[in-house]
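Trainee: Shown below is the structure under consideration.
The values are calculated or read from the model by the stated rules, or taken from the named source; none is laboratory data. All figures in this text were calculated on a predicted structure; none of them were measured in a lab. Please note: Cβ atoms are built from the backbone with ideal geometry, for glycine as well, and neighbour counts cover all protein chains shown. The area values use the complete protein model at the heavy-atom level, side chains included, leaving out ligands, DNA and RNA. Shrake-Rupley method; radii C 1.70, N 1.55, O 1.52, S 1.80 Å.
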Amino acid sequence: MMNQLLAISENYIITHLFETVYLTITKNQGKHGEIIIGDFYGDPKVAIIDKNQNWCVCAGCGFIVYYLNEPFKSYSYNQASKQYDEYYRDPQNIWWIINIVQISDNKILFTKEFGEQYIFNIQTQQFTFNQ
């Protein structure tokens, strides 16, 4: 079974194999390693890479913001890290996300399973309901 492509940019590729999400670093035309950046119940649905390549987001059962900087630490369940942040993945409060779009340098628009939309500011970690 081959990994499925979720997002691609000049220096990064995001793929998944079943529930596990991988980041491949491709700076300077080569493959420089692959690390795990997420794990999603029910498989991830979407991913984006920031147009400035400072962060990426993978989503499905909630979402994970992964910051694209050294040391590129692998994701681990229930582990706090400065490398990534997790949102709405707790079984008591899950968001089922079907689409994400970057709308400015630090803002993304999420579409939930039944069409509700929220804007999330990566920098401030604040949510706004999109009407």
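Trainee: With θ set to phi - 60° and the Karplus curve 6.51 cos²θ - 1.76 cosθ + 1.60, what are the ³J(HN,Hα) couplings of segment 33-40 in order, to the nearest whole Hz, using x for Gly and Pro?
Mentor: With the stated coefficients, segment 33-40 comes to x, 10, 10, 7, 10, x, 8, 10 Hz.
Trainee: Just the number please: accessible area per residue for the chain, 1.4 Å probe, all protein chains included, in Å².
Mentor: 57 Å²
Trainee: Between Ile49, Ile103, Ile14, find the one with the highest GNM mean-square fluctuation for the chain; connect C-alpha pairs within less than 10 Å.
Mentor: Ile103
Trainee: Evaluate the relative contact order of segment 45-93 (contact order divided by residue number), counting alpha-carbon pairs under 8 angstrom at least 6 apart; express in whole percent.
Mentor: With pairs under 8 Å counted, the relative contact order is 30 percent.
Trainee: Taking the dipole about the Cα centre of the chain, with the C-beta of Lys and Arg at +1 and of Asp and Glu at -1, give me whichever of Leu5, Gln53, Gly42 is farthest to the positive side.
Mentor: Ranked along the dipole, the leading option is Gln53.
Trainee: Between segment 48-65 and segment 113-131, what is the C-alpha centre distance in whole Å?
Mentor: Each part reduced to its Cα centre gives a spacing of 14 Å.
Trainee: Now for a separate question. Whenever you get a sec, line up Asp43, Asp90 from highest to lowest accessible area (probe 1.4 Å, protein heavy atoms).
Mentor: Ranked list, largest accessible area first: Asp90, Asp43.
Trainee: Within the accessible area of the chain, what % is carbon and sulfur when the probe is 1.4 Å and the other protein chains stay in place?
Mentor: Carbon-and-sulfur percentage of accessible area, whole number: 48.
Trainee: Rounded to the nearest 0.05, what FRET efficiency do Asn121 and Met1 have when you use their Cβ-Cβ distance and R0 = 25 Å?
Mentor: 0.10
Trainee: Another question about this same structure. Report the accessible area of Leu17, computed with a 1.4 Å probe over the heavy atoms of all protein chains in place, in Å² rounded to the nearest 10.
Mentor: 40 Å²
Trainee: To continue, here is another question. State, to one decimal in nm, how far the label point of Glu10 lies from the label point of Asn130, with both points 7 Å from Cα in the Cβ direction.
Mentor: The modelled label-to-label distance comes out at 2.6 nm.
Trainee: I need two numbers for segment 43-89: Rg to one decimal and Dmax as a whole number, Cα atoms only, in Å.
Mentor: 10.5, 28
Trainee: How large is log10 of I(q)/I(0) for the chain at q = 0.11, 0.16, 0.18, 0.19 Å⁻¹ when the intensity is taken from the Debye formula with one equal scatterer per alpha-carbon?
Mentor: Evaluating at q = 0.11, 0.16, 0.18, 0.19 Å⁻¹ gives log10 I(q)/I(0) of -0.35, -0.76, -0.97, -1.09.
Trainee: What is the percent of Cα-Cα separations in segment 71-131 that go past 15 Å?
Mentor: 59 percent
Trainee: Along the charge dipole of the chain, which of Asn121, Thr111, Tyr75 sits closest to the positive end, that is, farthest toward it, with unit charges on the beta carbon of Lys, Arg, Asp and Glu (+1, +1, -1, -1)?
Mentor: Asn121
Trainee: Quick one: putting +1 on the C-beta of Lys and Arg, -1 on the C-beta of Asp and Glu, what dipole do you get for segment 1-124 around its Cα centre, in Debye to the nearest 20?
Mentor: It works out to roughly 220 debye.
Trainee: While we're on this one: What FRET efficiency would be calculated for the residue pair Thr24, Asp105, taking the C-beta separation as r and a Förster radius of 30 Å, to the nearest 0.05?
Mentor: For Thr24 and Asp105, the calculated efficiency is 0.80.
Trainee: Where in segment 49-80 is the amide nitrogen less than 15 Å from a point lying 7 Å along the Cα-to-Cβ axis of Tyr41?
Mentor: Flagged as within label range: 60-64, 77-78.
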